[in-house]
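Any read-out appearing in this document is the output of simple, stated calculations on the displayed coordinates, not a laboratory observation. Keep in mind that what you see is a predicted model, and the values were worked out from it rather than measured. Quick reminder, even Gly has a Cβ in these numbers, built from the backbone with ideal geometry, and neighbours come from all protein chains shown.
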Amino acid sequence: MRKDILTADTQAQLTPELVLENLKKGNENYTSDSLTVTDNNSLRTACVSGQAPQAIVLSCIDSRVVVEEVFDQALGDVFVARVAGNFANTDIVASMEYACKVAGSKLIVVLGHEGCGAVKAACDGVEFGNITALLSNIQPAVNSVKSTIEGPYDSGNTTFVNAAIAENVQHTIAEIRNMSPILSALEAEGSIAIKGGVYQLASGAVEWL
């Protein structure tokens, strides 16, 4: 049973590569239904005075993608940012800068997922309230895959949707680098890494891009 919180000293010894392997192993635990048993009372007490998460994960709001369980992470292990369609904006990128530059996290993960409703809506050109503005962040990825995928270009074309989901992850990673000289510099010096993946709903596996 896990009782120990991730400390700043332990975090400092981690590399981006080790953190990625930790998350990959955690996902294997999740898909094999062998999640680590934790003493949450002990962890809550241990993290009152501070936190030293190893990674920050940008995920969609989808209720079927529970980030901490997907990667078998406990209290204090990961920062999680969520927005429909897992795109980057100023607030999200600022949160990543805090996680990595201030709090010492070693890895940024952009996690898309199979059957993403926000990407499907962007594929269909949905316009509805504030959702219209939200989908404009996803539209560039949708448009970019049209030249490589045979139509129709709507949510009924699973191949098109899947390609757009993966491209949206890659587009978000590019936006993070473009929007943040701080994160780009940390990545260039090897202090952090930025990775993308797509969560599969039925299997629970993360397919890394």
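The local environment of Gly190, defined by Cβ-Cβ distances under 11 Å, has a net charge of -2 under the rule Lys, Arg +1 and Asp, Glu -1.
Across Cys100, Cys116, Cys47, mean-square fluctuation computed from a Gaussian network of the chain (C-alpha pairs under 10 Å connected) peaks at Cys47.
Exposure proxy ranking for Met1, Met179, based on other Cβ atoms within 10 angstrom of each Cβ and starting from the fewest, stands as Met1, Met179. Gain on full extension, evaluated as 0.36 nm per residue between Met1 and Tyr98 minus their Cα-Cα distance, stands at 31.9 nm.
Taking the chain as a Gaussian network of alpha-carbon nodes connected by springs under 10 Å, the highest mean-square fluctuation of the residues Leu20, Leu43, Leu107 belongs to Leu43. Modelled label positions at Thr15 and Glu69, each set 7 Å beyond Cα in the direction of Cβ, lie 3.4 nm from each other.
For segment 149-185, the set of GluC sites (Glu not before Pro) satisfying both a DSSP loop assignment and a count of at most 14 other C-beta atoms within 10 Å is given as Glu150. Beta bridges assigned by DSSP with both partners in the chain are antiparallel in approximately 15 percent of cases.
Site-free segments of the chain were taken between trypsin sites (Lys or Arg not before Pro) in DSSP loops having at most 14 other Cβ atoms within 10 Å, sites themselves excluded; the longest one is 65-145. Dividing the helix sum by the residues of the chain, where each DSSP H run of 4 or more adds -39500 (n - 2.57), gives a mean residue ellipticity at 222 nm of -12000 deg cm²/dmol. Checking the Cα-Cα distances for Lys24/Lys195; Lys25/Lys120; Lys25/Lys106 against a 22 Å cut-off, the pairs over it are Lys25/Lys120. Spin-label pair Leu209-Asn130: with each label point 7 Å from Cα along the Cα-Cβ axis, the two points sit 2.6 nm from one another.
Classify segment 1-106: rounded, prolate or oblate, from the alpha-carbon gyration tensor (a ≥ b ≥ c, eigenvalue square roots; a/c under 1.5 rounded; otherwise prolate if a/b is larger than b/c)? Oblate, since a/c reaches 1.5 and b/c is not below a/b. In straight Cα distance, which aspartates and glutamates are under 17 Å from Lys101, not counting same-chain residues fewer than 8 positions off? Filter leaves Asp9, Asp77, Asp91, Glu187, Glu189. Take the Cα of Ser191, go 7 Å toward its beta carbon, and the backbone nitrogen atoms of segment 83-108 under 18 Å from that spot belong to 93-108. Comparing Phe128, Phe160, Phe79 in a Gaussian network model of the chain where C-alpha atoms under 10 Å apart are linked, the largest mean-square fluctuation is found at Phe128. Seen from Ala8, the other residues with C-beta closer than 15 Å to its C-beta sum to a net charge of -1, counting Lys and Arg as +1 and Asp and Glu as -1. Computed over neighbours whose Cβ is under 14 Å from that of Val145, the net charge equals -1, Lys and Arg +1, Asp and Glu -1.
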